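Asker: Dropping a structure here in structure tokens format, bear with me for questions.
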Amino acid sequence: MDYLLSLLASPDAWAALITLTAMEVVLGIDNLIFISILTNKLPPEHRDKARKIGIGLALLMRIGLVSIIAFIVGLTAPVVSLFELDFSWRDLILLAGGLFLLWKATREIHHHVDPDAGGELKMAAASTFALAIVQILLLDAVFSVDSILTAVGMTEHLPIMIVAIFISIGVMLFAAKPLGDFVNANPTVVMLALAFLLMIGMMLMAEGFGVHVPKGYIYAAMAFSCMVEALNILSRRAARKKRAEGGSAP
């Protein structure tokens, strides 16, 4: 109890909480984009449930990983050497996650470019509720390990990590449905989101090979792309409004 009270009275603890929460929210964007892409392929009545389950699993996974934080930190120790490169369990997890994201994003892009490829049966099988949850769970594991390791690097206080995780997951729950609906209502945004997944997959692969890519560059590129797409959406709406007004004129 005294420990918690001392944290509440510490300006450094509050600064660490604010900084870590902001970082966790930013890291959660990657996860949220992937969840939106997957759940939008489900029937409308199942989408919200799948989003909540996927984000809930992320919360449980991150809290579980925090409870074994000493083990998670140990994942950064080299376990295998290949071509004069040392790989830790963290590196292998990031490589596997990056490959999965690249495969999934490429497959989705191919489907959107050529919707008839693969047949309706394959698409129906790919859009099942259970399969969507499994894929969300796989990426949750990758993003959760990265999230916890980031938290460890920013603070040594376990309560601060847990509170930051709860706040970031709450933000994801709040933003999941509006983001999913927005992506579903704007087909060009789907392609942009898939391009983001490709970029995130490549970043995970680079991190797995020991090449650090500053996340600020990645998120700056994503923010710029979103601004350009927002202008495109406004331009299309203005054009539709002008055509509608022209058609209704006497």
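Asker: Go through (1) open to solvent by 40 Å² or more (accessible area, probe 1.4 Å); (2) under 14 Å from the mean Cα position of the chain (by Cα) for Leu197 and report which single condition fails.
Answerer: Among (1) open to solvent by 40 Å² or more (accessible area, probe 1.4 Å); (2) under 14 Å from the mean Cα position of the chain (by Cα), Leu197 violates only (1).
Asker: So which residues in the range 153-205 are among the aliphatic types (A, V, I, L, M) and without any contact (Cβ under 8 Å) to a residue 12 or more places away in the chain?
Answerer: Matches in the range 153-205: Ala185 only.
Asker: Might you check whether a residue that is of a type in the set (Ser, Thr, Tyr), open to solvent by 60 Å² or more (accessible area, probe 1.4 Å) and either modelled with pLDDT of 80 or more or more than 30 Å from Val79 (Cβ to Cβ) (or both) occurs anywhere in the range 202-225?
Answerer: No, the range 202-225 has no match at all.
Asker: Yes or no: Val66 at pLDDT below 75, over 17 Å from the mean Cα position of the chain (by Cα), within 30 Å of Leu179 (Cα to Cα) and of a type in the set (Val, Ile, Thr)?
Answerer: yes
Asker: In the range 34-58, what count of residues is obtained for those that are surrounded by fewer than 19 Cβ atoms within 10 Å (Cβ to Cβ) and part of a helix (DSSP H, G or I)?
Answerer: Residues meeting the conditions: 9.
Asker: Further, regarding this structure: Please specify each residue of the range 69-105 satisfying the condition of being under 21 Å from the mean Cα position of the chain (by Cα), modelled with pLDDT of 75 or more and β-branched (Val, Ile, Thr).
Answerer: The answer is Ile93, and nothing else.
Asker: Oh, and also: Among the residues of the range 82-107, what is the count of those that are open to solvent by 80 Å² or more (accessible area, probe 1.4 Å) and more than 17 Å from Ile136 (Cα to Cα)?
Answerer: 5
The values are calculated or read from the model by the stated rules, or taken from the named source; none is laboratory data. Note that this is a predicted model, so its numbers are computed, not measured. Virtual Cβ from ideal backbone geometry, glycine too; neighbours counted across all protein chains shown. All accessible areas refer to the heavy atoms of the entire protein, side chains included, with ligands and DNA or RNA removed. Shrake-Rupley method; radii C 1.70, N 1.55, O 1.52, S 1.80 Å.
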